[in-house]
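Below you'll find the structure, written out as structure tokens, and then a few comments.
Quick note: the coordinates plus some simple rules give every number you see, no bench work behind them. Fair warning: this is a prediction, and the values are worked out from it, not measured in the lab. Positions of Cβ are generated from backbone atoms using ideal geometry, with glycine treated the same way; all protein chains shown enter the neighbour counts.
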Amino acid sequence: MSDTRRNVLVRGSTLLGSLALAGCTDLSNKPWVQNALGEVENLTRVAQRLFAGGHSLAPEYSKADVARMFRANGTLNPGTNDYAMHLANDFKDWVIPVGGLVEKPLKLSLVDLRRMPPRTQITRHDCVEGWSCIGEWTGAPLAPILAMARPKPEARYVMFYCADPMGNGALDAGGHIIPPPYYYESLDLLEATHPQTILAYDLNGKPLPVENGAPIRVRAERQLGYKMPKYVQKIDLVDSFTRIGGGKGGYWEDQGYQWYGGI
Ligand SMILES: Nc1nc2c(c(=O)[nH]1)N[C@H]1C(S)=C(S)[C@@H](COP(=O)(O)O)O[C@H]1N2
Ligand SMILES: [Mo]
């Protein structure tokens, strides 16, 4: 690794440190943003080398196109005691660890995420079940977050683990409870570093409603609905997902949907 590259990385690694400091609100501060941008460019290059394709943008719409009520689908409330506690507490203790194959694991609170330079996008959501809906999403772009965590060279996919159990579980032949799987999804590094891939916290200018994934859901605008996990509680970088869950990269993929959910 060149010295310049190492310096960029070392400076980059202080980004979250300063973010986590109470009272650090100066995000327009130039070195912060510029270092982050350098990191993102490096990571994008790595992702484009690993996976064919580029970062063409999904269409964006105007305020006039936004649906009055954004439709909700799938889990509308995780319904667990743990989630109910976080909801009652305004998600103040909701912390998303970013780990796995990274040099610098992170822990992101909602305050951390809201302090990062935001992105707002008005986009059309397409569900495989045959409906679409246009909404305005605001959140923290994932690319600079991953750049701060510094993916190891082996990292290829970003796994998102959600707070909602899918179903009630079952009983095995011996009467033992088999717990239900939780929703999870994955994106490759190319999609994860796409500029329209954000950890969204607002829908139409207000904190995400529970039914749309409060407090944090992924928006990856070139993807079908099921590729955008709601209620995200943990992020992991991995080299392969074949040993995770049913091995197909996501809850719906394990039920037979295609892993590639590009539109
Ligand atoms: N955690 C979680 N994420 C999820 C789902 C879900 O059931 N649980 N459903 C998926 C599907 S199929 C769609 S179409 C969208 C629906 O998002 P919405 O409820 O905001 O419309 O979320 C996706 N992400
Ligand atoms: Mo969907």
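When the Karplus curve 6.51 cos²θ - 1.76 cosθ + 1.60 is applied with θ = phi - 60°, which whole-Hz ³J(HN,Hα) does each residue of the stretch 106-121 get, with x for Gly and Pro?
After applying 6.51 cos²θ - 1.76 cosθ + 1.60, I find 10, 10, 10, 7, 5, 5, 4, 5, 6, 7, 6, x, x, 10, 10, 9 Hz.
Could you check how many percent of all C-alpha pairs in the stretch 188-257 are farther apart than 21 Å?
Across the stretch 188-257, Cα pairs with separations above 21 Å total 29 percent.
Using helices alone, what [θ] at 222 nm do you get for the chain, with -39,500 (n - 2.57) per DSSP H run of 4 or more residues, divided over all residues and rounded to the nearest 500?
Mean residue ellipticity at 222 nm (helix-derived): -7500 deg cm²/dmol.
Pull up the DSSP beta bridges for the stretch 128-263 and report the antiparallel fraction as a percent, rounded to 5.
The answer is about 100 percent antiparallel.
Only loop residues by DSSP count here, and only those with at most 14 other Cβ atoms within 10 Å; note down the GluC sites (Glu not before Pro) in the stretch 98-173 that meet that.
Within the stretch 98-173, the qualifying GluC sites (Glu not before Pro) (loop, at most 14 other Cβ atoms within 10 Å) are 103, 129, 154.
What is the stretch 135-263 by shape, rounded, prolate or oblate, if you read a ≥ b ≥ c off the alpha carbon gyration tensor as root eigenvalues and call it rounded for a/c under 1.5, prolate for a/b larger than b/c, and oblate otherwise?
oblate
Quick one: net charge of residue 237's neighbours, Cβ under 12 Å, K/R +1, D/E -1?
Here the count lands on 0.
What does the charge dipole of the chain about its Cα centre add up to, to the nearest 20 debye, if the Cβ of each Lys and Arg holds +1 and the Cβ of each Asp and Glu holds -1?
640 debye
How large is ³J(HN,Hα), in whole Hz, for each residue of the stretch 81-90 in order, when computed from phi with the Karplus curve 6.51 cos²θ - 1.76 cosθ + 1.60 and θ = phi - 60°, using x for Gly and Pro?
4, 4, 5, 4, 5, 4, 5, 5, 9, 6
DSSP loop chymotrypsin sites (Phe, Trp or Tyr not before Pro) in the stretch 107-172 with at most 14 other Cβ atoms within 10 Å of their Cβ, which ones?
Qualifying residues, ordered by number: none.
Which order results if 260, 83 are arranged by neighbouring Cβ count within 10 Å, fewest first?
In order of increasing Cβ crowding within 10 Å: 260, 83.
Could you go through the stretch 185-197 in sequence order and give the Karplus-derived ³J(HN,Hα) for each residue, using 6.51 cos²θ - 1.76 cosθ + 1.60 with θ = phi - 60°, rounded to whole Hz, and x for Gly and Pro?
8, 8, 10, 7, 4, 5, 5, 5, 9, 4, x, 8, 9
So what does the Cα-only Debye profile of the chain read at q = 0.13 Å⁻¹, as log10 I(q)/I(0), no solvent term?
-0.85
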